[in-house]
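Working notes, beginning with the structure itself.
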Amino acid sequence: MKEKFIRFMSGRNGVDELNRFLLIVTLICYFVSLFTGWKLLYSIAFVLLFYAYFRMFSRNLYKRSAENRTYLDKTANIRYKWNAKLSQLKQLRTHHIYKCPTCRQKIRVPRGKGRIEIRCPKCQSTFIKKS
């Protein structure tokens, strides 16, 4: 069965970033329409689901990859900022992030070292903080 599906999907677009986004928006529209009773959102969810499946099973790889590239280009700034915030949140478990009082440069210091003297790598000023 798995081999039949692999043969069926060969030469087709499959799931890419735009399809993932469309499916997430479809689920959000569906659940909001489920709880609010808005028929318009349910219709939008159905159309988005149909379009996502159309893209997934399409054999026109050139057009689908061009659509995906356009989507990635339009959302590059948003995705970069989102990933930077996630990375910063992950670092907060093991590090403190301070700003230099003179030049406002961000400095990452490991947690659990007590009161330490921090030297800014940009302006070489020193300040004392608890890590």
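For this structure, a couple of remarks:
- Residue within region 95-110 that is exposed (fewer than 12 other Cβ atoms within 10 Å of the Cβ) and within 16 Å of residue 13 (Cβ to Cβ) present: no
- Of the strands (runs of 3 or more DSSP E) lying entirely inside region 66-131, not one carries at least 3 residues that are out of contact with any Ser or Thr (no Cβ under 6 Å at 6 or more places or on another chain) and of a type in the set (A, V, I, L, M, F, W, C).
- Criterion applied to 40, 49, 34 was being over 27 Å from the mean Cα position of the chain (by Cα), assigned by TED's automatic domain parsing to the domain that holds residue 8 and part of a helix (DSSP H, G or I), and the one residue passing it is 40.
- Number of residues in region 66-92 that are exposed (fewer than 11 other Cβ atoms within 10 Å of the Cβ) and either touching a residue at least 12 places away in the same chain (Cβ under 8 Å) or of a type in the set (S, T, N, Q) (or both): the value is 3.
- Within region 1-31, if we keep just the residues that are among the acidic types (Asp, Glu) and part of a helix (DSSP H, G or I), the residue that is nearest to residue 64 (Cα to Cα) turns out to be 17.
The values are calculated or read from the model by the stated rules, or taken from the named source; none is laboratory data. Owing to the predicted nature of the structure, the values given are computational and were not obtained by experimental measurement. Don't worry about glycine lacking a Cβ; one is built from the backbone with ideal geometry, like all the others, and counts go over all protein chains shown.
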